[in-house]
1. Can we say P109 is modelled with pLDDT under 90 and surrounded by fewer than 15 Cβ atoms within 10 Å (Cβ to Cβ)?
2. Within region 304-312, does at least one residue satisfy the condition of being of a type in the set (D, E), open to solvent by less than 60 Å² (accessible area, probe 1.4 Å) and modelled with pLDDT under 95?
3. Can you tell me how many residues in region 155-205 are out of contact with any helix residue (DSSP H, G or I) (no Cβ under 8 Å at 6 or more places or on another chain) and within 25 Å of I117 (Cβ to Cβ)?
4. Of everything in region 217-266 that's assigned to a helix (DSSP H, G or I) and among the polar types (S, T, N, Q), which residue is nearest to K353 (Cα to Cα)?
5. For region 120-143, which residues satisfy the criterion of being assigned to a helix (DSSP H, G or I), in contact (Cβ under 8 Å) with a residue 24 or more places away in the chain and open to solvent by 50 Å² or more (accessible area, probe 1.4 Å)?
6. Considering only region 280-322, how many residues are within 24 Å of T348 (Cβ to Cβ) and aliphatic (A, V, I, L, M)?
7. Search region 358-376 for residues that are farther than 22 Å from L192 by Cβ and pair each with any residue that is among the aromatic types (F, W, Y) and assigned to a helix (DSSP H, G or I) when their beta-carbon atoms are under 8 Å apart and the residues are at least 6 apart or on different chains.
Amino acid sequence: MVVRPRVAPRGLRIRLLVVAALGPLVLGFLAAASVSAVVLGSAPLAVFSVPEVLASARWIWLAAHQVPVTLRGAPLGVLPLLLTLVAVLLVTRSARASARRMRLRTPGPTQQLIGTIAASHGVFAAVLAAVQPEGGAVATPTTAFAGAALVSGAAATIALAETCGLAELISRLDASIRRGVYVGVLGVAAFLAVGALLFCVGLLVAFPKAAAMFLDTGQGVAEFFGVALLCLAYLPNIVIAGTSFALGSGFAVGKAVIAPIGMALAPVPSVPLLAALPPVSSRWWLAVFVLPLLVGVLVGWCCRTASPDPMERLKAVAVAAVVIGLALFVLAFVAGGRLGGGPFDPVTVQAGKVVLAAAGWVLVPGAVVAWAFAPKDTAAAETGGDTEAEGDADEAEVADTDTEDESGAEVEPEDAEADPEAAQEAAQEAESDDESEIDDEASDVAEESDVDVDDFEDDFEDDFEDEVSDEVDEEDVYRFEPLPEEFEAEASPTTVPIEDEDDRLARELAEELGEELTIEDEDPEPPAAKR
């Protein structure tokens, strides 16, 4: 019997779909409005009003969903990725809560939920882009719909990967391909960690410069708060740029090219976040290539147990390189963009070079490690069936030898011929043991029957002729048997079974004639006790 989970009623499912679609929208827009109110309220020259707060919140929400905007004719495509992460977290939490309450277990309803979330976000973004007040920012509705739907749909798919069919699709792949996918995700995290490490080191080295940039922004609290919020919002962008720098492809801010090889110095925006950029070109920057090399070694080390076949291990490394390349391509694409058309425009993280560099750092060292450093059990499996057959033959020979030794068929004759006296002594000991066991059993029987056997035999030999009496019935037995327990108290220990008078006369006559007398009779029952 197949037990299927209960599905939520249709009315409840519709309400939950509405909540899943509108929940992240409302929460995200309220968060954007809160940030807008704090910024406008802290700025001394800004106009603080409800329309201004809602207008600013609208563009913050669109920027969080990677929708490019134009501010008074200046294109803005470098959008803060921290806001995007916040939007992704809101969608993820709402999708999981709705799926749990709707009891979704199959791909069909789950995909319907994902489509509803993506469509609602796309429509809301298109409406916000279409409402354009005079002199404000401008966004294309179609671009807004595509960007918001893509971001929210990807977040919901990742959140519901177990029930939407994505996890099942991955589980149907080959073992080496699955290992490559998982290791690829690990490799993406490792490369981002490398970028974060380079940024932290650069910021620590240039900490006095970053502090001076903060002081130059102004003396008011609003200026400090605005600059700090700006740096925090663009922190993931600079981490991705640091990853591109470690890979060797680098990035560009206007005319300035920041890369370990081919660095071109030029003015950059006076933002404390950019104080971590290397000030001069140096050959020592080539040492950063050790970090992506270690990531490639890590990928190969994780793929070395994917399969006993070396080609399958290389396939796992190739799949991991593809996953890492695609992920870094998307991240590099969204990390850069237009920056107002000024001297620092554009900010470029070259996605094509990032893919090639990541593939090179992963494939070469990863393939070498996965091929040469397979574990011992995997290397033993590569030798094929010959070694296993030889091992089975050796085990069979050892088993035969052990069987012969345990059976003793061949060992005992050799021992007997070598030492016959020992064999004879062993036989005598066995006979004595048997006799002692018989004596012990007889003594146990005597103790149980409470009959003195020696006294009974003496009385039987001396008084057999004198104890013959006519009072003995014809049903008396001709052999000795122990008395039943109920007769022990009344029966005399000297009472013995005797022969019938006719049988005695017949026996005497047979002895005179020299013939044998055979008396055939069934064993009679024991005599009844006399009162």
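The values are calculated or read from the model by the stated rules, or taken from the named source; none is laboratory data. None of the values given here were measured: they were computed from a predicted structure. Here the Cβ positions follow ideal geometry from the backbone for every residue, glycine too, while neighbour counts run over all protein chains shown. Surface areas here come from the heavy atoms of the whole protein model, side chains and all, with no ligands, DNA or RNA. Shrake-Rupley method; radii C 1.70, N 1.55, O 1.52, S 1.80 Å.
1. No; evaluated as a whole, the condition is false for this residue.
2. yes
3. The total comes to 2.
4. S244
5. F124, T143
6. Within region 280-322, residues that are within 24 Å of T348 (Cβ to Cβ) and aliphatic (A, V, I, L, M) number 7.
7. Taking only residues 6 or more apart or on different chains, the pairs are A370/W301; F373/W301.
Results for (1) buried (at least 22 other Cβ atoms within 10 Å of the Cβ); (2) within 20 Å of V188 (Cβ to Cβ), shown as yes or no for each residue.
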{"position": "L229", "(1), (2)": "no, no"}
{"position": "L232", "(1), (2)": "no, no"}
{"position": "P236", "(1), (2)": "no, yes"}
{"position": "A241", "(1), (2)": "yes, yes"}
{"position": "F245", "(1), (2)": "yes, yes"}
{"position": "S249", "(1), (2)": "yes, yes"}
{"position": "A252", "(1), (2)": "no, no"}
{"position": "L265", "(1), (2)": "no, no"}
{"position": "L294", "(1), (2)": "no, yes"}
